[in-house]
Amino acid sequence: MLGRIVVDDVRPRTPGGRNPAKVAEHELFDVSADVLTDGHVLLAARVRTRPPDGVWSSWAMDDLGNDRWSAGGVHLEGLGRHDLVVEAWIDRYATWRRDVEAKAGVGAEIATELDEGVLLLRRLAVHAPAARRARITDAADALDDADTSLDTRLNAALDDAVAAALDGVALPDDITEGHVGAIWVDRPRALFSSWYEVFPRSEGGFAGVARHLPDIQAMGFDVLYLPPIHPVGRTNRKGPGNSLVAGAGDVGSPWAIGGPEGGHTAISPDLGTLDDFKGLVQGAQEHGMEVALDYALQCSPDHPWVTQHPEWFHHRPDGSIKYAENPPKRYEDIYPINFWPADDGDRLALWQACRSIIDYWIDQGVRIFRVDNPHTKPFAFWAWLIETVQRTDPDIVFLAEAFTRPKVMAKLAEVGFTQSYTYFTWRTARWELREYGVELTSGPTADYMRPNFWPNTPDILSGPLRYGSLAAFRLRALLAATMMPSWGVYRGFEHGENEPASPDNEEYAHSEKYETKVRTWGTDAPLGELLGRLNRIRRDHPALHRLRGLTFHDNGNEDVLVYSRRSYDGDDVVLCVVNLNPDEVREDTLGLHLDALGILPGATFDVVDELTGAVYSWTGANPYVRLDPAVAPGHVLVVRP
């Protein structure tokens, strides 16, 4: 119901307001809203938050002008769903004070205003905190003392100390709850993470991956992501290059899940045992990493569900089960699941079975899941699944592999996904990267969708990486690692693997999805040292831990991208200058927004390149840069005022 005070356009929020916005625990953020009313009265507003089963906290909101209000430095402690309320009220004392000062200043009669002030102060004192009450009642008494001079009475009532004592104090009937919503609080890794994807079968199974945990740690990654580790189906198993005929020794696609050994809660015998898997999880923890597991809800024709629950699949008119297709792609080795069978009981049983898979792997120590093709399953399913899982385990992280339409990608984030793949792989020009960076970090989706930038995946070899030089890989790594707080690479990136399946196919030649690959590890990889340096820079600089706080700067050369990131408190500023042409030297004169860097106009300041250690002294907003891709993909500069 519309009241006298209107609170609109609250941020952060989700589009419909039915789902909570997202922040990470300890993350500092702003809550803003339009707060307005009729007439000329002054308003006050605040944000109140409450954790699950906790007590309310409050942050005062400031008037930014044009009826926009904001509370800065809000932070929430404790995982899970927090209540968030924006309240506003007529600030009766501030309004009275303003009017009295104006009338007294021109010598107008104010006897009535003095009487009103006495009554108002006494009414407000009742609702003030006990420690402040005496200051307010003393002011009321002084204002009511007709035996003293007018100046003495006014000075007592208009004193700044009285205004401070009345800060946040309102008459209960005046308060309007203009917005009642929620914020979901995730653990910090949901916001800031570095992912590394590896196929265990190419490393000799779990034991082989475990042997190389020190190498992965040296490259600075904190999430070790494994594609499906389950038995691979034999029926219609794919051969190398997605061929329709597999030889006796061909391993098939791990996304064709299920065989005689079991389904989604079984482990492929080629990778090891459950104890071996648990050993890898434990070893990763000891090296500062977590294991993320692929959650792919589809089945090979040999999956136990196919015979046990044929009602969970799509059937052709002849009764046979349909295999998966994404024209022109065909997946004869995979049966998609029908998540909306006609019978409600079948649907409930299916959804519960899918939930039980998550529960099983949580019991084995997995707290992060990368979800395969979530856009091919109903939003209602994900909303139900994620909510029920996080109700008991609020630290579980879900990454959506949703290379799909923008609104579908955003909706998946809205209904609960913690992070999302993005279109970064296909954004290569300066204007594209600028536009996309602004959209992701300050547009509406920034309130609930956390981007994860991947230069490559097993499915995608795109942009300058196709037949690209190592310099192309370096520049894409620099962009992904510094533009967003979460990023990842698929193994092979550090080796500069650059051969696509064909000129018009984004997949890799000799794709690891269908065969095993043997590569060197650690510093023997051409880009291993760079990845380690980038991840160390990320860890060392709070400015790179934020989603918001991205500023693009001006420059003249279309092959040069200039952007900065600033920590919430402004104490840490990182400026990146990247040469988007991996093959040629580029020179440019920058047009820096000095206020975004915390630099005064005309001041001299130092910048330290975290990639090379070089120190440059700049004066003003227009420094010159020369970027040689044979030396470095660009600068990662720490600004030192």
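Would you be able to say whether some residue in region 262-271 is open to solvent by less than 20 Å² (accessible area, probe 1.4 Å), in contact with a His (Cβ under 8 Å, 6 or more places away or on another chain) and either assigned to a helix (DSSP H, G or I) or within 22 Å of F403 (Cβ to Cβ) (or both)?
no
Condition first: open to solvent by less than 90 Å² (accessible area, probe 1.4 Å) and assigned to a strand (DSSP E or B). Now tell me which residues in region 314-327 satisfy that.
The answer is H315, I321, A324.
Can you work out which of the residues in region 244-261 that are free of Cβ contacts under 8 Å to residues at least 24 places away in the same chain and small (G, A, S) is surrounded by the fewest Cβ atoms within 10 Å (Cβ to Cβ)?
Looking at the filtered set, the residue picked out is A248.
How do the strands (runs of 3 or more DSSP E) wholly within region 448-543 filter down when requiring 1 or more residues that are hydrophobic (A, V, I, L, M, F, W, C): which remain?
486-490, 500-502
In region 453-463, is there at least one residue being surrounded by 20 or more Cβ atoms within 10 Å (Cβ to Cβ), at pLDDT 95 or above and polar (S, T, N, Q)?
Looking for residues that are surrounded by 20 or more Cβ atoms within 10 Å (Cβ to Cβ), at pLDDT 95 or above and polar (S, T, N, Q), one finds at least one in region 453-463, hence yes.
Can you report the number of residues in region 357-395 which are without any contact (Cβ under 8 Å) to a residue 60 or more places away in the chain and assigned to a helix (DSSP H, G or I)?
Qualifying residue count, region 357-395: 18.
Find the residue count for region 3-17, including only residues that are in a loop (DSSP other than H, G, I, E, B), at pLDDT 90 or above and under 22 Å from L76 (Cα atoms).
4
Can you name the condition, by its number, that A33 falls short on among (1) over 30 Å from V408 (Cα atoms); (2) at pLDDT 95 or above?
Every listed condition holds for A33 apart from (1).
List pairs: first residue in region 143-159 and open to solvent by 80 Å² or more (accessible area, probe 1.4 Å), second residue hydroxyl-bearing (S, T, Y) anywhere in the structure, Cβ distance under 6 angstrom, at least six positions apart or on different chains.
Taking only residues 6 or more apart or on different chains, not a single pair turns up.
Looking at region 551-565, I want the residues that are under 14 Å from V585 (Cα atoms) and in contact (Cβ under 8 Å) with a residue 24 or more places away in the chain and have a partner that is part of a strand (DSSP E or B) and not β-branched (V, I, T) with Cβ atoms under 7 Å, at least 6 apart or on another chain. Which pairs are those?
Correct list of pairs: N557/R586; N557/D588; D559/N579; D559/R586; V560/N579; V560/R586; V560/D588; V560/L627.
Starting from residues that are open to solvent by 20 Å² or more (accessible area, probe 1.4 Å) and either among the hydroxyl-bearing types (S, T, Y) or touching a Gly at 6+ places or on another chain (Cβ under 9 Å) (or both), keep the ones in region 276-289 and report whichever is farthest from R234 (Cα to Cα).
Per the stated criteria, the residue is Q285.
Based on this model, can you work out whether R391 counts as surrounded by fewer than 21 Cβ atoms within 10 Å (Cβ to Cβ), under 20 Å from F192 (Cβ atoms) and either modelled with pLDDT of 95 or more or touching a helix residue (DSSP H, G or I) at 6+ places or on another chain (Cβ under 8 Å) (or both)?
Criteria not met by R391.
On the basis of being in a strand (DSSP E or B) and either within 20 Å of T137 (Cα to Cα) or open to solvent by 20 Å² or more (accessible area, probe 1.4 Å) (or both), does W59 make the cut?
In short, yes.
For region 328-359, which residues satisfy the criterion of being surrounded by fewer than 15 Cβ atoms within 10 Å (Cβ to Cβ) and over 25 Å from L293 (Cβ atoms)?
P328, R330, W340, A342, D343, D344, G345
Do you know which residues across region 604-622 are within 21 Å of G570 (Cβ to Cβ) and either outside any strand (DSSP E or B) or at pLDDT below 95 (or both)?
Answer for region 604-622, where residues must be within 21 Å of G570 (Cβ to Cβ) and either outside any strand (DSSP E or B) or at pLDDT below 95 (or both): E610, G620, A621.
Between a first residue in region 281-305 that is under 21 Å from D372 (Cα atoms) and a second residue that is surrounded by fewer than 21 Cβ atoms within 10 Å (Cβ to Cβ) and among the basic types (K, R), which pairs have beta carbons less than 8 Å apart while being 6 or more apart in sequence or on different chains?
E290/R189; E290/R367; L297/K377; S300/R234; D302/R234
Restricting attention to region 5-24, which residues are open to solvent by 40 Å² or more (accessible area, probe 1.4 Å) and in contact with a strand residue (DSSP E or B) (Cβ under 7 Å, 6 or more places away or on another chain)?
Across region 5-24, the qualifying residues are D8, D9, R11, R13, G17.
Limited to region 558-610, what total is found for residues that are open to solvent by 60 Å² or more (accessible area, probe 1.4 Å) and within 25 Å of the chain's Cα centre (by Cα)?
Of the residues in region 558-610, 4 are open to solvent by 60 Å² or more (accessible area, probe 1.4 Å) and within 25 Å of the chain's Cα centre (by Cα).
Take the residues in region 466-482 that are under 12 Å from E494 (Cα atoms) and touching a helix residue (DSSP H, G or I) at 6+ places or on another chain (Cβ under 7 Å), then tell me which one is most open to solvent (accessible area, probe 1.4 Å).
Among those residues, the one meeting the criterion is R474.
Yes/no matrix, rows are residues, columns are (1) modelled with pLDDT under 95; (2) of a type in the set (D, E, K, R); (3) more than 29 Å from V232 (Cα to Cα); (4) within 23 Å of the chain's Cα centre (by Cα):
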residue	(1), (2), (3), (4)
A471	no, no, yes, no
M484	no, no, yes, yes
W487	no, no, no, yes
E494	no, yes, no, no
D504	yes, yes, no, no
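Got at least one residue in region 514-531 being surrounded by 19 or more Cβ atoms within 10 Å (Cβ to Cβ), under 22 Å from the mean Cα position of the chain (by Cα) and in contact (Cβ under 8 Å) with a residue 60 or more places away in the chain?
Checked against the condition, which is being surrounded by 19 or more Cβ atoms within 10 Å (Cβ to Cβ), under 22 Å from the mean Cα position of the chain (by Cα) and in contact (Cβ under 8 Å) with a residue 60 or more places away in the chain, region 514-531 yields at least one hit.
Can you tell me which residues in region 360-381 are open to solvent by 50 Å² or more (accessible area, probe 1.4 Å) and either closer than 30 Å to M289 by Cβ or among the acidic types (D, E) (or both)?
Scanning region 360-381 gives Y360, D363, R367, N373, H375, T376.
Is it true that H82 is over 23 Å from A165 (Cβ atoms), out of contact with any strand residue (DSSP E or B) (no Cβ under 7 Å at 6 or more places or on another chain) and at pLDDT 95 or above?
Considered against the rule, which asks whether it is over 23 Å from A165 (Cβ atoms), out of contact with any strand residue (DSSP E or B) (no Cβ under 7 Å at 6 or more places or on another chain) and at pLDDT 95 or above, H82 comes out as no.
Pick from region 71-128 the residues that are of a type outside the set (V, I, T), part of a loop (DSSP other than H, G, I, E, B) and without any contact (Cβ under 8 Å) to a residue 40 or more places away in the chain: which of them is most open to solvent (accessible area, probe 1.4 Å)?
Residue satisfying both the conditions and the ranking: E109.
The values are calculated or read from the model by the stated rules, or taken from the named source; none is laboratory data. Since the model is a prediction, treat every value here as computed from it, not as a measurement. All Cβ positions, glycine included, derive from the backbone under ideal geometry; neighbour counts span all protein chains shown. Heavy atoms of the whole protein, side chains included, go into the accessibility calculation; ligands, DNA and RNA do not. Shrake-Rupley method; radii C 1.70, N 1.55, O 1.52, S 1.80 Å.
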